[in-house]
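Please read the structure below before turning to the comments.
Just so it is clear, none of the values below were taken in a lab; they were calculated from the coordinates. From a predicted model like this one, the values you see are computed outputs, not experimental measurements. Using ideal geometry, Cβ is built from the backbone for each residue, glycine included, and neighbour counts are taken over all protein chains shown.
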Amino acid sequence: MDTRVALIGIVVSDYNSATKINAVLHDYGDYIIGRMGIPYRQKSINIISVAVDAPNDVISALSGKLGQLDGVSTKTIYN
């Protein structure tokens with residue numbers, strides 16, 4: 001199984017989605033290399049970066065599931 005390293009950038013504008021975000025990330029925990037979250041209180045948003053090593057379809061599914069949540073937008077960059 002070929003894998004790729006990718007970085008998923010997540011911007012959260014609805015804090016109520018935090019529990020759902022963590023649940024999705026937990027489901028894909030085997031593929032996550034690491035994550036970092038930064039609260040940006042002046043803009044009332046949170047910024048999360050998640051580094052993953054996974055097959056393309058898994059990366060797309062993870063990013064897609066996160067992006068479907070209310071108040072959440074994602075962008076993925078690949079190596």
*If you go through region 1-33, how many residues are acidic (Asp, Glu), outside any loop (DSSP other than H, G, I, E, B) and exposed (fewer than 11 other Cβ atoms within 10 Å of the Cβ)?*
1
*Out of curiosity, is ARG41 among the basic types (Lys, Arg) and in contact with a strand residue (DSSP E or B) (Cβ under 6 Å, 6 or more places away or on another chain)?*
no
*Only one of (1) touching a Ser or Thr at 6+ places or on another chain (Cβ under 6 Å); (2) under 24 Å from ASN79 (Cβ atoms); (3) surrounded by 13 or more Cβ atoms within 10 Å (Cβ to Cβ) is not met by MET36, so which one is it?*
(3)
*asked:* Which residue is surrounded by the fewest Cβ atoms within 10 Å (Cβ to Cβ), if the candidates are limited to region 39-79 and must be touching a residue at least 24 places away in the same chain (Cβ under 8 Å) and in a loop (DSSP other than H, G, I, E, B)?
replied: ASN79
